[in-house]
Amino acid sequence: MSKHAVVSQILPFSCVDGPGSRLVIFLQGCNYQCKNCHNPHTISLCDACGDCIDSCPEQALSLIHSQALPLPQMRSQEMSLHGDPIPVNHSPCSSPCSSPSKPHIVWDSTKCSQCDTCLAVCPRQSTPKTSHYTVEQMLEVIYGQRHFINGITLSGGEASLQLPFIIELFSAIKSSEHLSHLSCMLDTNGSLSSTGWHKLLPFLDGAMVDLKAWQQDTHHYITGRDNQPVFTSIELLTQHNKLYEVRLLHIPGITDYEHDVDALVGYLSNLPTETRVKLNAFHHHGVKGIGSTWPQCTQADIARLANQLTQRGVTNIVLPSLYI
Amino acid sequence: MTLQDNIEKIVTHPHLSPKQKSNYLALEAENSLPYVAVSERLNNAMKQGIICDMFEGHAPFKPRYVLPDYAKYLQQGSEYLELSPAEDFDDALNALTILYFHVPSVTNIPVYLGQLDTLLMPFTQGLDAEAIYRKLKRFWILLDRTLPDAFMHVNIGPTDNIICRTILRIDAELQQIAPNLTFMYDPAVTPDDLLFQATSNICQCGKPHIANYPLHADAFDARGFGIVSCYNALPLAGGANTLVRVNLKEVALNANSIDDFFAQTLPYYSQLAFELIEARSAFLHQQSHFFDSFLVKEQLIDESRFAPMFGIYGMAEAVNILQALLPNAAEITTTNVASKPNTGYGHNPDANELGLRVSAALDNIVKSTLVTYGYNGRALLHSQSGISLDKNVTPGVRIPYGSEPDPISHIQALAKHHQYYTAGISDILTIDETVKANPQAMFQLCKGALSSGFREFSANVANNDLVRVTGYMVKRSDIETFKQCGSRTNTTGLAAEAAINTGIFQRQARVIAHEQAPFIHE
Ligand code: SF4
Ligand code: SF4
């Protein structure tokens with residue numbers, strides 16, 4: 001049986017998610033709780049409480065009780081693939097998903113006006129605006145775009161939480177006559193375990209990994225998780241020549257890239273020369289809670305960080321293509 | 001306002017140059033003559049804004065667009081201009097520059113400067129790359145400074161050659177408004193790295209347009225074609241005698257059902273458009289003496305290669321209006337189309353299907369209607385990209401501003417229309433500026449567009465200073481200062497007018513407007 005995924009969004013054309021023109025598939029659900037998250041509603045999975053239904057001005061939302069909806073194959077077994085075993089404060093969709101008689105939220109995208117009232121209402125900071133895709137359905141989407149893209153990128157949320165779907169999708173692409181020219185990339189927070197990576201590696205062309213902070217403490221403060229698994233992932237990807245990009249999201253005064261610049265550079269300069277070191281600038285768009293009180297990162301902040309890295313010998317730095 | 005008031009306003013205008021004033025004065029003079037004779041019904045349709053003559057003037061004494069056979073001219077020289085055949089590169093550039101001043105058009109500035117690489121390659125012997133670069137760069141600057149109109153169009157490609165590559169290099173370097181540039185792409189001939197250079201240029205300066213060479217070439221005979229002004233594809237050694245356009249939105253408003261639209265309204269107004277085409281081209285061909293010109297005598301143009309363009313615009317509004325006439329269409333009204341970005345023309349498959357039916361019907365009408373002065377006796381269908389005074393009506397078959405889907409869905413929604421618009425169609429894609437750091441993405445998007453049937457791929461990169469005003473380029477910074485200072489270029493005035501009329505800069509990095517219109521700015 002084909003795997004399913006809970007998809008929060010499909011972006012048909014992106015210039016910033018890997019080489020060339022890319023179709024980006026954002027999967028719903030994340031095991032981090034970043035205070036600086038720009039899409040906090042992609043973190044939790046909907047538990048079909050129904051609270052958002054009446055708030056929708058377009059009647060785009062409803063509850064159904066059948067098992068017609070395919071269920072995402074994630075959780076217990078996949079969660080264990082992620083380095084950090086600490087349970088996060090959401091238990092993604094296990095209740096609605098494992099019990100077909102329980103209700104599911106149905107979102108009619110043709111009625112939706114994208115007013116985002118439902119996001120504001122949701123007590124779980126989730127979204128009802130997700131869709132379920134089987135691997136076959138996703139392959140159809142990709143097939144329709146194949147002349148326009150150089151590849152696909154799985155992003156999130158944390159895409160690797162739905163690893164079996166990704167493996168099946170990537171392997172189907174690699175073995176398809178019409179799609180095998182497409183590169184398959186993963187955009188990840190780096191929490192996937194070595195076991196998980198080894199299952200994916202045969203079908204993966206490259207990964208973009210977030211290194212959200214240098215120090216364990218800082219990383220834990222920002223994301224709620226340790227960064228040891230991230231370093232392990234980066235090393236493993238390096239060994240297998242699959243590390244396309246390491247991403248540093250700079251928040252002046254909060255991230256420690258500048259404070260620990262020597263140690264950071266020592267680490268980054270040992271990465272393969274082809275690996276891009278992508279600097280991203282923190283901005284407030286979408287950010288909730290304390291993160292929205294942090295300073296935004298300006299072009300000058302990025303320039304200063306880039307300068308410090310370059311002076312100490314980091315090559316292949318990629319700057320943001322725009323600042324908000 | 002009386003004629004004298006108008007003239008007074010023009011001559012005392014604070015921001016127009018003497019030359020620009022002369023052009024507007026000439027238009028006023030022409031328009032003081034009675035209009036070519038037309039029927040009452042046509043006159044009404046024009047008054048109601050259903051049929052439009054593009055403000056070409058009351059008494060057409062020159063064709064709208066002229067595409068001289070520059071190759072023949074370089075080869076034979078000109079008796080009239082007392083020029084012997086060009087012998088070297090400098091001769092060729094000099095001869096071309098001279099002829100450009102004798103090629104009329106609706107704007108008085110030539111809209112077609114030739115397939116420059118094919119024209120110049122025979123004269124490159126003995127020149128090294130650096131010499132070619134220096135000469136062409138000077139020529140490029142001369143064009144921008146002496147013929148400052150962004151409708152003026154150079155064609156290059158599809159073959160790989162040093163002129164083509166050098167022009168691309170210079171165009172990216174100079175970032176000038178003029179000349180406009182079309183690169184012909186033929187997958188069988190053009191190497192990928194050349195297309196890559198062209199599409200990388202788009203990331204830097206919004207030019208060139210990429211034309212689907214095999215598609216265009218199939219539509220014309222062996223003597224060839226050129227891309228001129230804003231995406232007008234026309235026979236080489238000929239051109240367009242006139243452009244008459246039909247406002248599909250208004251046509252749809254006059255229909256009481258979809259069937260009525262196809263059976264009655266559309267054919268009715270199309271016939272009126274043909275009446276206007278006949279009246280205008282009869283004056284040009286029979287009374288103006290334009291075709292006594294040396295251009296004809298020296299066979300640089302041929303009267304039989306001029307075709308009227310049958311233009312259409314407002315497809316998006318027409319389709320949404322017609323969809324609302326469906327019995328079960330309670331939900332699809334124009335108002336909620338506006339509030340729901342993913343419904344209506346460009347988004348909804350049924351709406352797109354209906355749009356395609358309209359294009360097919362137009363194609364059928366244009367191909368089955370004989371005209372007195374046409375290309376093989378026919379007019380050519382053109383998706384017209386709007387003029388600066390259009391309000392609440394979308395150019396050609398485009399998706400309305402601000403509601404465009406992502407570039408790929410955009411291309412897919414419109415690709416099937418392209419087969420019908422022989423005389424050109426422009427869909428401008430707005431790509432966000434992240435593409436600048438990833439030109440591979442632009443390249444792939446372009447390839448995808450052409451392989452799905454696009455005749456012409458045009459893209460604007462948001463936040464480039466050079467922005468496309470439908471078919472031509474203006475500098476954003478020029479538009480912003482136009483009201484205070486006037487502009488050296490003729491097109492910036494139009495663009496400023498368009499930008500003010502549509503508030504376009506508040507939405508997308510682009511302005512609408514089109515060809516020269518005889519209006520001056522308050
Ligand atoms: S975003 Fe869509 S689904 Fe959510 S409340 Fe608004 S209309 Fe309803
Ligand atoms: S999106 Fe939030 S509010 Fe709506 S049903 Fe799901 S959990 Fe409840």
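The values are calculated or read from the model by the stated rules, or taken from the named source; none is laboratory data. The shown structure was predicted, so the numbers you read here are calculated from the model rather than taken from an experiment. Virtual Cβ from ideal backbone geometry, glycine too; neighbours counted across all protein chains shown. Ligands, DNA and RNA are stripped out before the accessible areas are found, and what is left, the full protein with its side chains, is counted by its heavy atoms. Shrake-Rupley method; radii C 1.70, N 1.55, O 1.52, S 1.80 Å.
Summary table
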item	result
In segment A:292-320, the residues that are assigned to a loop (DSSP other than H, G, I, E, B) and crowded, with 18+ Cβ neighbours inside 10 Å	A:294, A:297, A:314, A:320
From the options A:156, A:196, residue that is more than 14 Å from every other protein chain (Cβ to nearest Cβ), farther than 24 Å from residue A:59 by Cα, modelled with pLDDT under 95 and away from ligand 2 (no atom under 16 Å from the Cβ)	A:156
Counted residues, segment A:214-234 - those being out of contact with any Leu (no Cβ under 7 Å at 6 or more places or on another chain) and within 25 Å of residue A:15 (Cα to Cα)	0
Search result, residues across segment B:426-442 that are modelled with pLDDT of 95 or more and buried (at least 24 other Cβ atoms within 10 Å of the Cβ)	B:441, B:442
Segment B:395-425, subset over 14 Å from residue B:215 (Cβ atoms) and of a type in the set (Val, Ile, Thr), residue nearest to the other protein chains (Cβ to nearest Cβ)	B:408
Candidate set from segment A:217-246 (those that are on the phi < 0 side of the Ramachandran plot and in a loop (DSSP other than H, G, I, E, B)); member that is most open to solvent (accessible area, probe 1.4 Å)	A:240
Checklist (1) farther than 15 Å from residue B:182 by Cα; (2) touching a helix residue (DSSP H, G or I) at 6+ places or on another chain (Cβ under 6 Å); (3) among the hydrophobic types (A, V, I, L, M, F, W, C) applied to residue B:106, failing item	(2)
Cβ pairs under 9 Å, 6+ apart, first in segment A:41-66 and in contact (Cβ under 8 Å) with a residue 24 or more places away in the chain and polar (S, T, N, Q), second within 12 Å of ligand 2 (Cβ to nearest atom) and assigned to a helix (DSSP H, G or I)	A:55/A:117; A:55/A:118; A:55/A:120; A:55/A:121; A:59/A:53; A:62/A:53
Members of segment A:108-150 found to be away from chain B (no Cβ under 12 Å), free of Cβ contacts under 8 Å to residues at least 40 places away in the same chain and touching a His at 6+ places or on another chain (Cβ under 8 Å), listed by number	A:143
In segment B:226-240, the residues that are modelled with pLDDT of 95 or more and open to solvent by less than 20 Å² (accessible area, probe 1.4 Å)	B:226, B:227, B:233, B:234, B:235, B:237, B:238, B:239, B:240
Single condition residue B:132 does not satisfy, out of (1) open to solvent by less than 10 Å² (accessible area, probe 1.4 Å); (2) β-branched (Val, Ile, Thr); (3) not in a helix (DSSP H, G or I)	(3)
Within segment A:54-66, tally of residues that are near ligand 1 (Cβ under 9 Å from one of its atoms) and either of a type outside the set (S, T, N, Q) or within 14 Å of chain B (Cβ to nearest Cβ) (or both)	6
Residue check, residue A:264 farther than 30 Å from residue A:127 by Cα and in contact with a Pro (Cβ under 9 Å, 6 or more places away or on another chain)	no
All positions within segment B:426-464 that are outside any helix (DSSP H, G or I), more than 21 Å from residue A:18 (Cβ to Cβ) and at the interface with chain A (Cβ under 7 Å from one of its Cβ atoms)	B:452
Some residue of segment B:203-210 being farther than 28 Å from residue B:56 by Cα and open to solvent by 10 Å² or more (accessible area, probe 1.4 Å)	yes
Filtered residues of segment A:34-59 (kept if of a type in the set (S, T, N, Q) and over 12 Å from the mean Cα position of the chain (by Cα))	A:36, A:44, A:55, A:59
Some residue of segment A:160-172 being within 14 Å of chain B (Cβ to nearest Cβ), more than 16 Å from the chain's Cα centre (by Cα) and either assigned to a loop (DSSP other than H, G, I, E, B) or not β-branched (Val, Ile, Thr) (or both)	no
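Every residue, every condition in (1) within 14 Å of ligand 2 (Cβ to nearest atom); (2) basic (Lys, Arg); (3) surrounded by fewer than 19 Cβ atoms within 10 Å (Cβ to Cβ), yes or no:
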site	(1), (2), (3)
A:109	no, no, yes
A:118	yes, no, no
A:144	no, no, yes
A:152	no, no, no
A:170	no, no, no
A:191	no, no, no
